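Taking it in order: structure first as structure tokens, then the write-up.
Throughout, read-outs are computed from the coordinates displayed, never taken from laboratory work. No experiment lies behind these values; they were computed from the predicted model shown. All Cβ positions, even for glycine, are placed from backbone atoms using ideal geometry, and neighbour counts span all protein chains on display.
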Amino acid sequence: MIGAGAWGTALADLLARNGHEVRLWAYESDVVESINEKHENVRFLTGHALANTLGATGDLRAATEFAELIVFATPSHVLRRIVRDLAPSLPRSAVLVVATKGIEKETLCLMTEIVEQEVAGATVVALSGPSFAAEVAARQPTAVVAASARS
């Protein structure tokens with residue numbers, strides 16, 4: 001999971017609670033420390049206990065090394081830079097899921113288009129829904145949609 005805001009943290013916690021090995025990348029060192037030591041993202045998702053198996057790192061490449069599925073949940077204005085920096089080291093067979101919402105201001109590209117441009121030939125999936133991070137973190141019933149041009 002790339003991005004430890006409320007949405008990225010909630011998704012990472014859900015995946016970890018469902019038995020997946022999850023490494024959560026956070027830009028902020030206090031977020032990494034909070035998740036690893038308190039099992040809570042005090043800065044972005046206060047009051048929600050996280051799975052004990054969920055680990056955080058500030059090392060972008062360590063978060064994606066050997067990953068089969070990589071979820072991007074960064075702010076939209078930094079997505080292109082992060083994907084561009086990661087592209088050379090991404091596992092080629094990894095499915096890239098884009099949970100970042102928005103449109104790139106300069107190009108008017110959708111977030112999935114940014115990932116497709118920066119990682120040619122990758123399987124890219126859009127993940128969106130009428131759901132909120134707090135609802136997912138509280139394990140309330142909610143819905144999301146996953147869509148991809150590839151099967």
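Some observations on this one:
- Using the Karplus relation 6.51 cos²θ - 1.76 cosθ + 1.60 with θ = phi - 60°, the per-residue 3J(HN,Hα) values for region 130-140 come to x, 10, 10, 3, 4, 5, 5, 4, 7, 6, 7 Hz, with x marking Gly and Pro.
- Here the residues THR64, THR100, THR57, ranked from fewest to most Cβ neighbours within 10 Å of their Cβ, fall in the order THR57, THR64, THR100.
- For region 142-147, 3J(HN,Hα) computed residue by residue from phi via the Karplus equation (6.51, -1.76, 1.60; θ = phi - 60°) reads 7, 9, 9, 10, 10, 9 Hz, glycine and proline entered as x.
- The long axis of helix 6-17 is offset from the longest Cα principal axis of the chain by roughly 70 degrees.
- Neighbour counts of C-beta atoms inside 10 Å place LEU60, LEU86 in the sequence LEU60, LEU86, starting with the fewest.
- Taking Cα atoms only, the orientation of helix 76-86 departs from the longest principal axis of the chain by about 80 degrees.
- Each of ASP13, ASP85 was scored by other Cβ atoms within 10 Å of its Cβ. Arranged with the fewest first, they read ASP85, ASP13.
- Helix 29-38 vs. the chain, principal-axis angle (Cα, 0 to 90°, nearest 10): 40
- Average 1/r across all pairs of distinct alpha carbons in the chain, invert it, and you get the Kirkwood radius: 15.4 Å.
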